[in-house]
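As C-alpha cells, the structure follows; a few thoughts come after it.
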C-alpha cells in the first residue's frame, strides 16, 4: 500500500504493508538507524520516537496508524528546545555507558521535558519507567533530566 509519512519534517512516500512497524520503516526503508530494536514488544523503550510530541514505541506502532502525524526520531530531537537541553545534559553528566538504550532514553526524557518543564521525581519515574538500561545508568539519567529542567527556569 502507498503511505506518506512525515519524519523529522520531511515527507516520505512509501509502498509497504499497512501493518509494518514504524521501527522497520525508519531503519530498513528510510535508513535512520538511530532508533534501536530492543525487544519488539514495547517493553524496553529502545525504539522510542515521538509521534506528535508523544513518546511512542515504534516497534508496535504500525505505519497505517500514523496518518498525518509528525514523527520525530533521535536524528532530529536535538532541533527541539527540550531535546537540545536533554542531549547537552546527557553529555554533561556522562550518562552514556554502552549507549544502546540511549536514543530511547533521550526520546522519553525530551518528551517529558517538553510536556512538563519542571518534572518532579514522580514525573521522571513515570516517564522513564518503560526504558531499560542494562548498564544501570539510572542515577545519571535522573541527574541529567534534572539538570535539563533547571535550564528551563
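The values are calculated or read from the model by the stated rules, or taken from the named source; none is laboratory data. Quick caveat: nothing in here was measured; it's all calculated off a predicted structure. Neighbour counts are summed over all protein chains in view; Cβ atoms, including those assigned to glycine, are modelled from backbone coordinates with ideal geometry.
What's the total number of residues in the range 68-77 that are outside any loop (DSSP other than H, G, I, E, B), within 25 Å of residue 15 (Cβ to Cβ) and in contact with a helix residue (DSSP H, G or I) (Cβ under 9 Å, 6 or more places away or on another chain)?
Of the residues in that region, 2 qualify.
Cβ contacts < 8 Å: first residue without any contact (Cβ under 8 Å) to a residue 12 or more places away in the chain, restricted to the range 10-30; second residue assigned to a strand (DSSP E or B), any location; separation 6+ or different chain. Result?
Hits for this filter: 11/4; 11/5; 13/2; 13/3; 13/4.
Taking the criterion of being outside any helix (DSSP H, G or I), at pLDDT below 95 and over 19 Å from residue 141 (Cα atoms), would at least one residue in the range 58-67 satisfy it?
Within the range 58-67, one or more residues are outside any helix (DSSP H, G or I), at pLDDT below 95 and over 19 Å from residue 141 (Cα atoms).
Of the conditions (1) surrounded by 14 or more Cβ atoms within 10 Å (Cβ to Cβ); (2) in contact (Cβ under 8 Å) with a residue 12 or more places away in the chain; (3) in contact with a helix residue (DSSP H, G or I) (Cβ under 8 Å, 6 or more places away or on another chain); (4) outside the structural domain of residue 142 (by TED's automatic domain parsing), residue 41 clears all except one; give me its number.
(1)
If we scan the range 4-22, do we find a residue that is at pLDDT below 95, farther than 21 Å from residue 116 by Cα and outside the structural domain of residue 145 (by TED's automatic domain parsing)?
There is no residue in the range 4-22 that is at pLDDT below 95, farther than 21 Å from residue 116 by Cα and outside the structural domain of residue 145 (by TED's automatic domain parsing).
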